Structures are given as C-alpha cells and as structure tokens.
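Below: the structure, in structure tokens.
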Amino acid sequence: MPDESVTGDRIADRRRRLRAAVEERRALLVPGAANALTARVIEDAGFDALYVTGAGVANTLLGVPDIGLVTLTELVQTVEAIGEISSLPMVVDIDTGFGNAINTRRTVRLLERAGACGLQIEDQVFPKKCGHFDGKGVIPVAEMVSKVKAAVDARDDGNLLIMARTDARAIEGLDAAIERAERYIEAGADMTFVEAPTSVDEMKAVTARLKVPQIANMVVGGRTPLLPQAELAEIGFALVLYANTPLQAAMRAMSEVLGALKRDGGLDAVRDRLADFGERQRLVDKGSYDALEKLYAVE
C-alpha cells in the first residue's frame, strides 16, 4: 500500500503552492482537465495548476451538456484518477455542492481526501447550468452563505482553498453579484468568482471592490472579453480559467481527422494532425512502467 503520510505531504505541498500563487495575483493560467490524459498534457506543457472542469467531465465522461448531471461519485473518481498521475495542484469544480450545506460538507471532505487543492462552489439553483448559458437561477444569499460556511468548516487542511462563485451578474446585475461575493467572503471564502462580467470595466470593478483574490473565466464564445494574461494580471485577477480549451481543441481535431478518414478512406491528408506512436507513449509515461516491469520481473 502507498505510504499515506508521504501522499498527504505531497498533496499538502501542492495546496501550499497554489495558495502562494493565488496570493501573488499574477493571473495564473489554469487550463481545464476532464480526465487524466488531459492532465498529463497540461503538465507536459508546463502549466502550474489545472482545473477539473464540471462541464468537461459532463461532456467527456457522459457525453451530455453542463446541466448538473454529473454525480459526486463520478467527480470524485475523476479527481482521484487525475491526482494519481499529475503533480499539479487541482482546482475542482463542485457545482452547487451536490445539495444543501450538509451535502456540501460531505462533498468537501470527499474531494479533500481525493487530493483537491481548491474547491469552487456556486450559487446557482440546482440543476445548474454552464455560467454562459441562458436561463440560470440563483439561490437566496443566506442559503449560499450556509454552504460556504459548511465548506470552510469541513476542510481539515486550512490551505484547501474555498472558492465561492456567483452567477448573479446575468440575473440581478453586477452590483448584486459583487454584494453576494462580499457576503461569501464574510462567510469565510478564500476567493470569489463573479461569473460572466460582460466588459473590461465590469472586470475591473470586480477586482477593485472585492478584497480577496479573484477568478476570471475565459470562455471562447462566452460573455466575458477574452483578455491576455498580462492585462488580466494588471486588472488584478489571481487565477484565469481556460476550463474547456483543451476539450474544445480535442473535439475539433477528432471531428476533422475522423471526417477525413470517412471521406478519404485513409489518413494521408491529415497524418500531420496526429501524435505519433512514440509521442503518445511518452505522454502516458510508458517508460516508467517498462522500468517497473523490469524491477519486478520474475527470474
């Protein structure tokens, strides 16, 4: 069995690293991973953290839209699989906490044990929707405050970041969304995330008016302006999510390559779009498994 104390030390170190990076407010870029292979690609590309995206898990694991269909068990299993092979700190999207404050408490405890370094909980009505979809609703402020308090109380490691997201901008306006975020900070949230501001001025208002580190969400085709990292850092954002950029890239590549295969009966026209056999084995770290096979070979 693995040494639980060593594993715990490694996860604790990841949490410390993430908290330190957040406090610098330098617009840390955090791509989304919906599975362990994507996490490997993100780490191989040199990023310092990753985001376990609820939308990505819904799209990838279940093939469904981001409308609250993923279960807590499915999310925990995904986080465990990613944590097993990646050394990067994981921010995990826990949607609405999978229920009320009591459910949220259990969610936090399970995902802390699974290796999460940050947990993002939102104030949408369940079943929730993608933050850039229409037709969202938000729960009463007091109910969300209760969930935030439960999340803060549930964690064993104080460096596990509790990130409170509000989707009220699209429903109640920017001022109401910021007021909600202030209440969540009072309840103990380490960071807040005002989803889907619609202009640079709104983004600046978020970072100017809220005292804790803030999250920006860059969604291609979404409602928030797509700004470069330097500008987001100048505005004052701490984390910048590219939650489904890897997934969107993979979806386009799969469609184009498979379309060519169907059309042409072969891959000559798109061979340069494919990772070769050696690259694929390198990304999944086959060499280390070859070494283990030799180590444990029966003489």
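Here, each number is a calculation from the coordinates, and none is a lab measurement. Everything numeric here is computed off the predicted structure, so don't read it as measured data. As a convention, Cβ positions derive from the backbone with ideal geometry for all residues, glycine included, and neighbour counts pool all protein chains shown.
When a footprinting reagent is the concern and you count Cβ atoms within 10 Å, what order do 96, 53, 71 take, fewest first? Intermediate values should be presented prior to the final figure.
Numbers: 96 23, 53 29, 71 11.
Ascending Cβ contact count within 10 Å gives the list 71, 96, 53.
Please state the relative contact order of the chain as a whole percent: Cα pairs under 8 Å, 6+ residues apart?
Working: 530 pairs, mean separation 57.2, N = 299.
Relative contact order for the chain comes out at 19 percent.
Using the reciprocal of the averaged 1/r over all distinct C-alpha pairs, how large is the Kirkwood radius of segment 4-244 in Å?
Roughly 17.4 Å, rounded to one decimal.
Could you run the Karplus curve 6.51 cos²θ - 1.76 cosθ + 1.60 with θ = phi - 60° over segment 107-124 and give me ³J(HN,Hα) per residue in whole Hz, x for Gly and Pro?
4, 4, 5, 5, 6, 5, 5, 6, x, 4, 10, x, 10, 9, 10, 10, 9, 6
Determine the gain in length on full extension of the stretch residue 67-residue 275; use 0.36 nm per residue of separation and subtract their C-alpha separation, reporting nm with one decimal.
Numbers: separation 208, 0.36 × 208 = 74.88 nm, distance 3.25 nm.
So the chain would gain 71.6 nm between residue 67 and residue 275.
How large is the helix-only mean residue ellipticity at 222 nm for the chain, computed as the sum of -39500 (n - 2.57) over DSSP H runs with n ≥ 4, divided by its residue count, in deg cm²/dmol to the nearest 500?
Numbers: 13 runs with 147 residues, N = 299.
Only helices count here, giving -15000 deg cm²/dmol.
Taking θ = phi - 60°, what integer Hz values does the Karplus form 6.51 cos²θ - 1.76 cosθ + 1.60 yield along segment 213-229, in sequence order, with x for Gly and Pro?
x, 10, 10, 10, 10, 9, 10, 5, x, x, 8, 9, x, 8, 10, x, 4
With +1 on each Lys and Arg Cβ and -1 on each Asp and Glu Cβ, how big is the dipole of the chain about its Cα centre, in debye rounded to the nearest 20?
Working: 36 positive and 45 negative charges, 72 e Å.
Around 340 debye, computed over the chain.
Run the simple label-point estimate for residue 289 and residue 258 please: 7 Å along Cα→C-beta, distance reported in nm.
For the pair residue 289/residue 258, the computed spacing is 2.3 nm.
Set the Förster radius R0 to 45 Å, insert the Cβ-Cβ distance between residue 87 and residue 198 as r into 1/(1 + (r/R0)^6), and round the FRET efficiency to 0.05. Write out the running numbers ahead of the final one.
Numbers: r = 37 Å, r/R0 = 0.81.
Approximately 0.75, to the nearest 0.05.
Show me, for segment 195-202, the HN-Hα J-couplings you get by feeding each phi into the Karplus relation (A = 6.51, B = -1.76, C = 1.60, θ = phi - 60°), rounded to Hz, glycine and proline as x.
6, 6, x, 10, 8, 5, 4, 5
Quickly rank 30-43, 178-191, 7-20 as a protection proxy: mean count of other C-beta atoms within 10 Å, highest first.
Packing proxy ranking, top to bottom: 30-43, 178-191, 7-20.
Just for the chain, what percent of DSSP beta bridges are antiparallel, to the closest 5? Can you show the working numbers first?
Values: 1 of 26 bridges.
Here the antiparallel bridges make up roughly 5 percent for the chain.
Under 5 Å between amide hydrogens, which residues at least 5 positions from residue 52 or on another chain qualify, with H placed 1.01 Å from N in the peptide plane?
Amide H neighbours of residue 52, under 5 Å, 5+ apart: 33, 91, 92, 93.
What lysines sit close enough to residue 128 to cross-link, taking a C-alpha to C-alpha distance under 22 Å and skipping anything fewer than 8 places away on the same chain?
Hits, sequence-local ones excluded: 136, 147, 149.
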